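The values are calculated or read from the model by the stated rules, or taken from the named source; none is laboratory data. None of these values were measured; they are calculated from a predicted model. Don't worry about glycine lacking a Cβ; one is built from the backbone with ideal geometry, like all the others, and counts go over all protein chains shown.
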Amino acid sequence: MRLFLAFFTLCIVGGSLQARETAAARTALVIGNSRYEAEAGPLKNTVNDAKAVAATLRALGFQVIERQNVTRDQLIKAVIEFRATLAGKEVGLFYYAGHGLSIGGSNYLLPIKSGYSSQGADDVTLRMLAETRLFNVEQAVADMKAAGAGCNLVILDACRTTALANAGRTRDVSVSGGLAEMKPPAGSLIAFATDAGQTALDGEATNGLYTGELLKHLKTPGLTIEQVFKRTRAGVLEASDGKQIPAEYSRLVGDDIFLAGPASASEPAPAPAPVMVKAEPVIGPTFAEIKRLVSSNKAGEAIAAMKAKAEQDGASDAMAELFMELLDQVKDVLKKTDISPEQATSCLQTCDGVIQALPDCLSRTHSQFNELLAKAYNRQGDSLLGLARADEALVAFNKAIPLAPEDAYILYNRGRTHLILGDTESAEADFKAVSGPKFNQPKARQLAQEALEKIANSQLPIADPQFHNPNTN
């Protein structure tokens, strides 16, 4: 799994100081790793990304510590040096470009010459190897917070592919690539180049896709930090044809944060929204109207109305109930044993719509955000199985598992998908995990045990309708 991880912490108290006026209050550590051993795979754009980010930050008035191709010891030393510069600062920034892994729900940076290998290791061993050979991102975040910087921004640019993320038997290592979600401490923002558990594109130019788009907006006066990320997300979506969706988790507080200072009177903020003279105010759909669409099983219209509502009023926690009802409707259809291709296609379209709309309509810090996204991916996988698209279903289940690792039904669904694809060994591993003590979902355990019995008796569970339409969560 090829990855850029980047850390930015950019704050301007009061939101009215120019970049050069805050030079003494800004400090950064920028690291780029590319010269990896063959097992991890060398990277093309990471050092270029780090150099470009360092140059941009210096232009914005940052004191920058820059390192390239560091070992674990060198990385730890650089972080310690960086931490010593943070006391009393208003802005601290840590940018990393290179490989990274998600193991046991934690994110790790991969130094060069780490000696890390997941081959043949069990879950406990993998975690020990990660803690002693890699660098836990949470350590850097904790150091920044404890050092006393007023505001912290963490950007995780999950990108590219490394065999180290796929080796080993454990499912705690992301098979599909990408990193796990992280909750920022107060006064911080964590940004991902793409959604949790997914990979990002490397880009065809000098820089990776995400960093290339980010660099375009860092220097723009008049943009708050939130606007920088919003425009970066739009650029990445367009460049990737919708395949990569950046995500942010914010606990920033206080006044607006400008990366390049506010727009001057002679240079207004870019791309202001047009204002129609004497135009009547536009009134978007109400929650009651959206609720009626959902209750009427008009999923497409409901999702479009929810997106319009969010565009007008911003993300709202009240959307959670509406998304849950849409996904419950999909569940009711998928539970049937005689589902038609038309019904499966309709369910798939609803799940796709929820996945696309959820980040814009519901706060990512909402307690149900991960649950809803996991359910959407899970039922997307079920819908794809109903359309005999098992390869794509496997991808969907792999995306759902890191979001809801406590949900045995998703793991069961992945097991039956492995079985449909002829991978009995992987299927048995998933069914045994569901049957084990980690999960406390009796129905899922029963389904998994029945599947294991049929495999042991050389029966073909994929011929059993229950394997196609189980009572999944």
State which residue is modelled with the lowest pLDDT when the search covers only the stretch 116-173 and only residues that are among the charged types (D, E, K, R), under 11 Å from Ile103 (Cα atoms) and within 18 Å of the chain's Cα centre (by Cα).
Arg171
Select, from Lys307, Lys291, the only residue that is touching a residue at least 40 places away in the same chain (Cβ under 8 Å), in the same structural domain as Ala396 (by TED's automatic domain parsing) and assigned to a helix (DSSP H, G or I).
Lys307
Which numbered condition trips up Ser363, out of (1) assigned to a helix (DSSP H, G or I); (2) in contact (Cβ under 8 Å) with a residue 12 or more places away in the chain?
(1)
Just to confirm my filter: which strands (runs of 3 or more DSSP E) fall fully inside the stretch 41-131 and include at least 2 residues that are among the β-branched types (Val, Ile, Thr), at negative phi and without any contact (Cβ under 8 Å) to a residue 60 or more places away in the chain?
63-68
What tally of residues in the stretch 310-324 results from selecting those that are in contact (Cβ under 8 Å) with a residue 40 or more places away in the chain and either out of contact with any Asp or Glu (no Cβ under 8 Å at 6 or more places or on another chain) or among the aliphatic types (A, V, I, L, M) (or both)?
8
Here is a check on your reading of the model: is Lys375 among the basic types (Lys, Arg), part of a helix (DSSP H, G or I), touching a residue at least 60 places away in the same chain (Cβ under 8 Å) and surrounded by fewer than 19 Cβ atoms within 10 Å (Cβ to Cβ)?
no
Of all residues in the stretch 90-121 being among the polar types (S, T, N, Q) and buried (at least 20 other Cβ atoms within 10 Å of the Cβ), the one that is farthest from Asn136 (Cα to Cα)
Ser118
Selection from the stretch 378-427 of residues farther than 23 Å from Glu342 by Cβ and not in a helix (DSSP H, G or I) yields Ala404, Pro405, Glu406, Asp407, Leu421, Gly422, Asp423
